[in-house]
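Rule-based calculations on the coordinates, nothing more; no lab input. Everything numeric here is computed off the predicted structure, so don't read it as measured data. Using ideal geometry, Cβ is built from the backbone for each residue, glycine included, and neighbour counts are taken over all protein chains shown.
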Amino acid sequence: MWERLLMTYDWIKAGHVIFVIFWMAGLFIFPRYLIHHQESLGTPEAARWVERETKLRRVILTPAMIVVIVLGVALAVLGHWWQAGWLHAKLLFVLLLVGYHGWAVRYSKKLAAGRAPLPLRTLRMLNEVPAIGVVLIVVLVIVKPF
């Protein structure tokens, strides 16, 4: 059984990368949705943003994140990566992105309730968090600096 799993390592890695792309695509567009939603509060367009955000979360964002985590753990186990320092750093940034994902979901629910706790400028700056996270993660995985 273990040998069969090891033979599928490359397939698991391919799936992991594919779902990372899906998750990151969602995390890149979702904050833009939040900005547009916040700008449309008090208009009929706001309800359409709630619909769009809900579909994005349910169809792409959350399922992709779950698959990324499951396949990532499988890769770490099969590859015996648990002792690698770069993996620990990568996991820290992945956890930060998971936290960002959760924050964005909560923020979308606040917007759906008609509340906008952050200024648009702050929301626009937070839009860059996923890009910074993915750059750091890719460098850690490819370069393996420690």
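Quick notes on this one:
- Our estimate of slack between Phe28 and Lys110, defined as 0.36 nm per intervening residue step minus the Cα-Cα distance, is 27.6 nm.
- Förster radius 25 Å - calculated FRET efficiency between Leu41 and Leu96 (Cβ-Cβ, nearest 0.05): 0.35
- The chain, relative contact order [Cα under 8 Å, separation at least 6], %: 36 percent
- Working note: 222 nm ellipticity from helices only, DSSP H runs with n ≥ 4, each -39,500 (n - 2.57), summed and divided by the residues of the chain, gives -26500 deg cm²/dmol to the nearest 500.
- One Cα centroid belongs to region 64-101, the other to region 1-44; the line between them spans 14 Å.
- Of all lysines in the structure, those lying under 27 Å Cα to Cα from Lys90, and not within fewer than 8 positions of it along the same chain, are Lys13, Lys144.
- All Cα pairs of region 43-146, percent lying beyond 21 Å: 46 percent
- Backbone geometry of region 91-104 corresponds, through the Karplus equation with coefficients 6.51, -1.76 and 1.60 at θ = phi - 60°, to 3J(HN,Hα) couplings of 4, 4, 5, 5, 4, 5, 5, 4, x, 4, 4, x, 4, 4 Hz, x marking Gly and Pro.
- Stretched out straight at 0.36 nm per residue, the stretch from Trp103 to Arg124 would grow longer than its current Cα-Cα span by 6.1 nm.
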